[in-house]
1. What is the distance, in nm, between label points placed 7 Å from the Cα along the Cα-to-Cβ direction at residue 14 and at residue 61?
2. Springs between alpha-carbon pairs under 10 angstrom, Gaussian network model over the chain: which of 150, 213, 78 fluctuates most?
3. Would you calculate a helix-derived [θ] at 222 nm for the chain, using -39,500 (n - 2.57) for each DSSP H run of n ≥ 4 and dividing by the full residue count, to the nearest 500?
4. Please provide three numbers in whole Å: the alpha-carbon extents of region 14-230 along the principal axes, with the largest listed first.
5. When the chain is treated as a GNM, springs tying every alpha-carbon pair under 10 Å, which of 114, 130, 210 comes out with the largest mean-square fluctuation?
6. Which one, 53, 39, 142, has the greatest fluctuation when you compute a Gaussian network model over the chain with C-alpha springs under 10 angstrom?
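Every read-out reported here was derived from the displayed coordinates using simple, explicitly stated rules and does not represent laboratory data. Here the structure is a predicted model, which means the values were calculated and not measured. Cβ: placed from backbone, ideal geometry, glycine included. Neighbour counts: every protein chain shown.
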Amino acid sequence: MPSSAPAASAPTWRNADQGFTCSRQGVTVTLDPDHPEAGIQITTPSSSDRLLGLDIDAVTRATDHWVRGDDLTAVYDPADARRLRATAMWRCLDGALDTGPAAAWMLVASAQTALLDSQPQVEVVTRVTAGTIHWGGGPPAGTWQPDPFPGARAVLLGSPGGRSTLVAVHPDDLRGFTASAADGRITVRCGLFGDHLEKGVLLRGRVLAAVGPAADAAAWGSRLLARFTAAPPPLTT
């Protein structure tokens with residue numbers, strides 16, 4: 001008797017020469033789980049943009065990694081005094097959110113320690129070739145301005161070729177958010193977690209990056225930011 005169970009969907013991330021690759025909305029990216037700090041690299045010949053790199057502040061390689069549906073997950077045991085075990089899950093978002101005209105990804109980073117007390121801070125770093133920056137995240141929602149303001153947690157970066165990049169940290173997870181320009185590139189740093197982590201406690205944080213057309217970027221960026229903010233946290237198992 002044939003099974004009535006639905007067929008499993010093909011994985012979004014596919015094996016490549018170095019790591020994994022996926023394509024969304026005409027944007028192709030690669031990700032090597034052994035180099036979490038490099039994050040998601042846009043692989044067009046004219047681009048060296050890197051999105052959602054996880055800076056654990058220690059030399060590390062993945063002790064394990066796997067692909068399941070839209071998610072590429074890797075586990076890291078950095079060789080430092082913090083005894084910090086970090087897990088990174090890079091998720092293609094168009095299967096979970098209406099991303100409009102943009103290709104979008106989310107990094108869900110988590111940390112735990114084997115020590116009674118440890119310092120868990122990590123950064124999620126995005127580096128983009130861009131000439132303009134607008135800050136958002138409200139209040140008021142849906143507005144973007146050229147100068148940083150208290151509580152800003154998102155930026156829209158204008159790049160050559162009619163492309164814009166949105167970077168945002170979830171408001172529940174905001175511990176630091178900066179953007180700086182140098183040599184035609186803008187670096188966005190999203191700080192996660194606080195100054196204290198006890199053994200047996202698991203911390204988790206979410207950061208979004210999306211690439212879409214510069215035309216109407218404020219509108220699609222605001223819609224995607226609102227959906228990201230309202231989305232429930234991913235399952236903990």
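1. 2.7
2. 150
3. On the way: 1 runs with 14 residues, N = 237.
It comes out at -2000 deg cm²/dmol, rounded to the nearest 500.
4. 49, 42, 35
5. Answer for the Gaussian network model of the chain: 114.
6. Most flexible of the set in this elastic network: 142.
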